[in-house]
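Student: The structure follows.
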Amino acid sequence: MNSLNLEEEDIILHKGTEHPFTGEYDNFYKDGTFICRRCNAPLFSSKSKFDAGCGWPSFDENFPNAVKRLVDEDGRRTEIRCMNCDGHLGHVFEGEDLTDKNTRHCVNSLSIKFVPVEKELPSVYRQ
């Protein structure tokens, strides 16, 4: 596991949330892979990223078996966590008609890291 600073810990371990429009990946569009900041597991392709206008990075699809969904205690939202390390990523919403897949993974920038297409993923995840 990667070491986390206090802000990252608040979000990833204690289910905090960044303020909208403040994260480094909100308005970020480069080719590559978004990985879990805590464990480096690949989560989302940059091809699935879109501008939802919500203030957080949004993806309409995750890699297979990369993200698990858990209904929040209040039953109003569905939390998404890294399947590998159980770190909090954000929430997923369906039925908004923002993309053809009709899904928006709303992710905290501090929960993820970007690996450009020209760089390799961490060795444990190379195929």
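Quick note: the coordinates plus some simple rules give every number you see, no bench work behind them. Here the structure is a predicted model, which is why all the values come from computation and not from measurement. Because the Cβ atoms are built from the backbone with ideal geometry, glycine has one as well, and the counts that use them run over all protein chains shown.
Student: In the Gaussian network model of the chain, springs joining C-alpha atoms below 10 Å, which of Glu94, Glu73, Glu18 carries the largest mean-square fluctuation?
Tutor: Residue with maximal mean-square fluctuation among Glu94, Glu73, Glu18: Glu73.
Student: Explain nothing, just the number: relative contact order of the stretch 13-58, from Cα pairs under 8 Å at least 6 residues apart, as a whole percent.
Tutor: Numbers: 51 pairs, mean separation 19.3, N = 46.
42 percent.
Student: State the Cα centre-to-centre distance between the stretch 1-52 and the stretch 86-118 in whole Å.
Tutor: Distance between centres, Cα-based: 8 Å.
Student: With r as the distance between the Cβ atoms of Glu118 and Phe21 and R0 = 41 Å, compute the FRET efficiency 1/(1 + (r/R0)^6) and round to 0.05. Don't skip to the answer; put the middle values down first.
Tutor: Details: r = 28 Å, r/R0 = 0.69.
The pair Phe21/Glu118 has a calculated efficiency of 0.90.
Student: Using a 4.7 Å cut-off between beta carbons, which cysteines in the chain end up with no partner cysteine at all?
Tutor: Cys54, Cys106 - these cysteines have no disulfide-compatible partner (Cβ-Cβ under 4.7 Å) in the chain.
Student: Reported to two decimal places, what Rg/Rh ratio describes the stretch 32-127 when computed on Cα atoms with Rh from the Kirkwood expression? Numbers along the way, then the final one.
Tutor: Details: Rg = 13.0 Å, Rh = 13.5 Å.
Checking Rg against Rh, the ratio lands at 0.96.
Student: Let me ask you something else. Could you compute the net charge surrounding Gly32? Neighbours are other residues with a C-beta less than 9 Å from the C-beta of Gly32; K and R count +1, D and E count -1.
Tutor: Numbers: positive: Lys30, Lys119; negative: Asp31, Glu118.
Computed value for this residue: 0.
Student: Could you grab the relative contact order for the chain? Cα pairs under 8 Å, six or more apart, rounded to a whole percent. List each step's numbers first, then the result.
Tutor: Numbers: 264 pairs, mean separation 35.9, N = 127.
Contact order relative to length: 28 percent.
Student: Net charge near Leu6, counting Lys/Arg +1 and Asp/Glu -1 over other residues with Cβ under 15 Å of its Cβ?
Tutor: Numbers: positive: Lys15, Arg37, Arg38; negative: Glu7, Glu8, Glu9, Asp10, Glu18.
Its environment carries a net charge of -2.
Student: Net charge within 10 Å of Ser45 by Cβ-Cβ distance, Lys/Arg positive one each and Asp/Glu negative one each, not counting Ser45 itself? Intermediate results must be reported in sequence, preceding the final value.
Tutor: Working: positive: Lys47, Lys49; negative: Asp31, Glu61.
Residues close to Ser45 contribute a combined charge of 0.
Student: Let me ask you something else. What ranking of Thr99, Thr22 emerges when the number of other C-beta atoms within 10 Å of each C-beta is taken as an exposure proxy, fewest first?
Tutor: On the way: Thr99 15, Thr22 11.
In order of increasing Cβ crowding within 10 Å: Thr22, Thr99.
Student: In nm, what is the difference between 0.36 nm times the number of residues separating Asn65 and Glu9 and their Cα-Cα distance? It would help to have the intermediate numbers written out before the result.
Tutor: Numbers: separation 56, 0.36 × 56 = 20.16 nm, distance 2.33 nm.
Result for the pair: 17.8 nm of gain on full extension.
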